[in-house]
Amino acid sequence: MNMRVIFTGALMIVLALGFFFYMMETLMPRSNDPAGMMQTVGEVSGFVGALGLVFIVFGVFKKKR
């Protein structure tokens, strides 16, 4: 089990969620196109969260050298 990779993946998930909620609370109400902006923000944070999940899975199953 590689704890560095697991920690990085968990950090990426937390940052993706934080980015999503920060953008939803601060910039979305002032945007001209809030639906389009949140669609883009959701895609980016979803990709980063999924990448973090992949890091966690590889960290759990890959052996440390």
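Some notes on this structure:
- Directionally averaged projected area (convex hull, Cα atoms, the chain), nm²: 4.1
- Simple Cβ-charge dipole of the chain, Lys/Arg +1 and Asp/Glu -1, about Cα centre, in debye nearest 20: 660
- In the chain, helices alone account for a calculated mean residue ellipticity at 222 nm of -28500 deg cm²/dmol, with every DSSP H run of four or more residues adding -39,500 (n - 2.57).
- Principal-axis tilt of helix 34-61 within the chain, Cα atoms, nearest 10 degrees: 10
- In degrees, nearest ten, helix 3-26 long axis to first principal axis of the chain (Cα): 10
- Computed over the chain: relative contact order in percent, which uses C-alpha pairs under 8 Å that are six or more apart: 64
None of the figures in this text is laboratory data; all of them are computed from the coordinates on show. Since the model is a prediction, treat every value here as computed from it, not as a measurement. Here the Cβ is made from the backbone with ideal geometry for all residues, glycine too, and neighbour counts use every protein chain on show.
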